[in-house]
1. Under the classification rounded if a/c is under 1.5, otherwise prolate if a/b is larger than b/c and oblate if not, where does region B:18-302 fall, given a ≥ b ≥ c as square roots of the Cα gyration tensor eigenvalues?
2. For chain B, what does -39500 (n - 2.57) per DSSP helix run (n ≥ 4), summed and divided by total residues, give at 222 nm, in deg cm²/dmol to the nearest 500?
3. Counting only the heavy atoms of the protein chains, how much of A:Tyr286 is accessible to a 1.4 Å probe, in Å² to the nearest 10?
4. Can you tell me the orientation of helix A:62-73 relative to chain A, as the angle in degrees between its alpha-carbon axis and the longest Cα principal axis, to the nearest 10?
5. With a cut-off of 8 Å between alpha carbons and a minimum separation of six or more residues, what is the relative contact order of region A:217-332 in percent?
6. Can you return the lysines within cross-link range of B:Lys171? Criterion is Cα-Cα under 27 Å, with same-chain partners fewer than 8 residues away left out.
7. With a cap of 12 neighbouring Cβ atoms within 10 Å, and only residues DSSP puts in a loop, list the GluC sites (Glu not before Pro) found in region B:233-307.
8. With the Cα gyration tensor of region B:173-310 giving a ≥ b ≥ c as the square roots of its eigenvalues, does the rule (a/c under 1.5 for rounded; else a/b larger than b/c for prolate; else oblate) give rounded, prolate or oblate?
Amino acid sequence: MSTRELTFAQAIREALDEELARDERIVLFGEDIGAWGGVFRTTEGLYEKYGPDRVIDTPLSEEGYVGMAVGIAMTGMHPVPEIMFGDFITLAMDQIVNQAAKMRYMTGGQVAVPITIRATMGGGRSSGAQHSQSWHAWFAHVPGLKVVVPSTPYDAKGLLKTALRDPNPVVFFEDKVMYHKIKGPVPEEEYLIPFGVADIKREGKDVTIIALSRMVHTALAAAERLAQEGISAEVVDPRTLTPLDEETLVQSVCKTGGAVIVDEGYTRFGITAELAAVIAKGAFDYLDAPIERVGAFDVPIPFSPPLEFATIPDEERIVQAVYRILEGRRPQ
Amino acid sequence: MDATKSLSSYPTSLLLEMFRRMTLIREFELRAIEERHRGLIPGFIHSCVGQEATAVGACLALNPDDVITSTHRGHGHLIAKGGEARYMMAELAGRQPGYCLGRGGSLHISDFNLGILGANGIVGGGIPIAAGAALAFKMRGERRVALAFFGDGAANEGAFHEAANQSAVWKLPVIFFCENNLYGEGTAMHRSTAIQNLADRAVAYGFPGVIVDGNDVVAVYEAVRQAAERARNGEGPTLIEAKTYRLRGHYEGDPQVYRTPQEVEEWKRRDPIPRFRARLLQEQLVDESTLEEIQGEIMAQLDEAVLFAKQASQPQSEDALYGVYADIHNGLVF
């Protein structure tokens, strides 16, 4: 299989391009995704290639165009509305949570709502408190939605293509810091990645670090540093939150006896809490120390770099969490 | 005095269908209220008694393959679009053979085969959905129309503004049909809205706004027929404001402290059903016995519907876990 290096943004763009070509029901909606090519350039060239009827520039009306996407999905299309900054998804919450997520169930299965909502997440760009948040946990809390949080160009492409063939509402979170900074191998040939299959990004035996989206890279950097100190950390990426591959997460922790859970979202009532509950139940007898959670501190994401970087998880906080686990490990 | 032309210019079959569906809606609502008091129907009912002409006039002016989105006050819309009383009553009773397997109830009752893209518990929630359906029709080159029912309350929701603006920009085949019954729940329109006519808002979006007597089924029919023609011809959306009134509370049991009994009495004199009936007889288009016969058929139909709902099986409690996703269910993957 021949591969080349693509950035995260290029992988997203390639998935959209291939699926637009494959299925004429697919139509993209968003603010400046067309003629501009997207402020993050994830739809670059698609407007020219597929035209303004399939790559649609919308007014600044998140509730309006996400709602229209729900309607178009209920009448035979597969829309892909984009939320430029994930923070703006609050403006479309009714249509996502009260309409798209429930429509199938509350109508007794009369209709499917195949809609793929692409939203960004992530801080670290001095964008301030309304352009830096990571709200994937909210959607993982809602029955009827699937939630995808890819960490690599390879995963992003394969999972997005799966989303675009899924008959359900999918909320697909892309960490905008990764768009142009993260590069990775992507096969030339077509491939899909199924939902609900976690990926072990690095094998290890002393401790498990569960991380998602951009935090996978932070976790891998932490694992590399720990390796130099003789500590072998396994890094596991769930890749999708709904459905969640509990088995792989639990198995890894059963093997290593310790779990650090890392997410850029808020710690309080967040993804790390849910994953900790999964681990506590599934690997209780194997845990040698309390589960550690590393997330954003519970404050609005600040603007100034020293403040912002203090709130978002980093390599150091992950390493310290691993130390705490190893210190707390009971003698064998 | 009704402003519309003589009824004799319409086929009698259409006029009778208007009478039949309005009467069915009225009687359905009264039976549902009764059965709620008797305990067959759980939850709340937002009846549309008094608003039958808007539902029927609008839906009969559409083609069978046109679609609507409905509201929390949606029983009339469903019946007007062709819904069957027995499956509706079963749904209201939360029974397995109901339209939505008992999962939706009054607020979410719908029949997608009839082009009803859901009643909606969120005020204004269906408006962008209708616009989206209109976009699908336009993209596929289908000469179909989507009509969004909503109330004067929903006209103050952002969803209306956003959908109206986008539909105007893209010239979508959508009709924004506002049933202005003068109250958003318990708040009189003059306390929530600084203009008298919601149709005036259409100017701001760049498409026509039409005011129609919502208690005159033929006037409503005409307005929607013209709007649908505009839509099918690619001329874009129309906002129709149908002035009407709900004769019962916002929901059954609503103490209605926000209006006077005199006001309700005043509107009862404009009740769309006796009014239409009188006109049919006055213009000598049908005789009384025909209308009595229709009335009798409807009562029998509703007796059957109530019996059907009573005898229908309850859903099994374990079924609650199925059907969240189109491809998997909780037990399999989660």
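1. On the way: a/c = 1.33, a/b = 1.29, b/c = 1.02.
Cα axes put region B:18-302 in the rounded bin.
2. Working: 13 runs with 148 residues, N = 334.
That comes out to -13500 deg cm²/dmol.
3. Rounded to the nearest 10, that gives 120 Å².
4. 70 degrees
5. Numbers: 146 pairs, mean separation 32.4, N = 116.
Relative contact order comes out at 28 percent.
6. A:Lys49, B:Lys81, B:Lys138, B:Lys243
7. Numbers: sites: B:Glu235, B:Glu241, B:Glu252, B:Glu263, B:Glu265, B:Glu266, B:Glu283, B:Glu288, B:Glu292, B:Glu293, B:Glu297, B:Glu304; in loops: B:Glu235, B:Glu252, B:Glu283.
Within region B:233-307, the qualifying GluC sites (Glu not before Pro) (loop, at most 12 other Cβ atoms within 10 Å) are B:Glu283.
8. Working: a/c = 1.83, a/b = 1.25, b/c = 1.46.
In terms of gyration-tensor shape, oblate.
The values are calculated or read from the model by the stated rules, or taken from the named source; none is laboratory data. Everything numeric in this text was worked out from a predicted model, so none of it was measured. In this analysis, Cβ positions are derived from the backbone assuming ideal geometry, glycine residues included, and neighbour counts consider all displayed protein chains. SASA here: full protein model, heavy atoms, side chains in, ligands and nucleic acids out. Shrake-Rupley method; radii C 1.70, N 1.55, O 1.52, S 1.80 Å.
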